[in-house]
Amino acid sequence: MKRRISLLILMATSVLLAGCGSGMVRRVSDPAVSVQQLTVKADGQWVVELRLQNYSSIPMRFDTVKVEVRVGDQAAGTLQATPGLSVGPESADVVTVPFAPASEARIVVADALAGRRGLPYTLTGSADATPEDAKVRSFDIDTRNTLNPVPGLDGVLR
């Protein structure tokens with residue numbers, strides 16, 4: 001009986017030690033890109049704050065983002081950014097991008113702001129990012145979400 005207990009303890013200890021020896025798991029997951037804030041300037045141009053979300057267990061450097069933007073049911077155009085920004089593991093950061101939208105999209109946004117209504121948007125395209133100590137990879141972006149007018153801040157949607 002003592003021998004069986006000793007054998008079980010030895011096996012359990014071996015399994016625990018084997019698990020400790022592997023270190024941190026390096027997991028690379030697809031990042032996400034979304035709009036954190038959209039500000040309409042007096043001249044009708046937009047300032048878009050893009051949220052770059054790194055779901056990986058290692059840092060990733062976001063080199064380029066190129067997405068087609070749709071607001072409501074209107075195409076707004078192609079938003080391109082070269083943030084050159086390193087985002088820590090399981091973290092996010094924001095990059096500010098000026099954007100010249102199509103006139104139909106400007107109307108849709110102005111209507112949502114005037115009516116104090118939510119505005120659905122879509123981002124489709126790609127983000128090129130470099131996981132730590134690896135080569136650049138292109139990740140597909142397909143985001144659907146809604147922005148809402150910010151009380152007290154004219155021309156701002158979050």
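Arg158 meets all of the listed conditions (1) free of Cβ contacts under 8 Å to residues at least 60 places away in the same chain; (2) on the phi < 0 side of the Ramachandran plot; (3) among the basic types (Lys, Arg) but one, namely (1). For Pro98, are the conditions met, namely being more than 19 Å from Leu153 (Cα to Cα), in contact (Cβ under 8 Å) with a residue 24 or more places away in the chain and out of contact with any helix residue (DSSP H, G or I) (no Cβ under 6 Å at 6 or more places or on another chain)? Considered against the rule, which asks whether it is more than 19 Å from Leu153 (Cα to Cα), in contact (Cβ under 8 Å) with a residue 24 or more places away in the chain and out of contact with any helix residue (DSSP H, G or I) (no Cβ under 6 Å at 6 or more places or on another chain), Pro98 comes out as no. Tell me which residues, restricted to the range 50-63, are under 18 Å from Leu157 (Cα atoms) and either open to solvent by 50 Å² or more (accessible area, probe 1.4 Å) or free of Cβ contacts under 8 Å to residues at least 24 places away in the same chain (or both). Arg51 - this is the single residue of the range 50-63 that is under 18 Å from Leu157 (Cα atoms) and either open to solvent by 50 Å² or more (accessible area, probe 1.4 Å) or free of Cβ contacts under 8 Å to residues at least 24 places away in the same chain (or both). Determine whether the range 131-144 contains at least one residue that is within 15 Å of Ser34 (Cβ to Cβ), hydrophobic (A, V, I, L, M, F, W, C) and touching a Phe, Trp or Tyr at 6+ places or on another chain (Cβ under 6 Å). So far as the range 131-144 goes, no, none of its residues is within 15 Å of Ser34 (Cβ to Cβ), hydrophobic (A, V, I, L, M, F, W, C) and touching a Phe, Trp or Tyr at 6+ places or on another chain (Cβ under 6 Å).
Counted as qualifying within the range 64-158 are the strands (runs of 3 or more DSSP E) with 2 or more residues that are open to solvent by 50 Å² or more (accessible area, probe 1.4 Å), modelled with pLDDT of 95 or more and of a type in the set (Asp, Glu), namely 137-147.
The values are calculated or read from the model by the stated rules, or taken from the named source; none is laboratory data. Here the structure is a predicted model, which is why all the values come from computation and not from measurement. All Cβ positions, even for glycine, are placed from backbone atoms using ideal geometry, and neighbour counts span all protein chains on display. We work out accessible area using only protein heavy atoms, side chains counted, and drop any ligands, DNA or RNA first. Shrake-Rupley method; radii C 1.70, N 1.55, O 1.52, S 1.80 Å.
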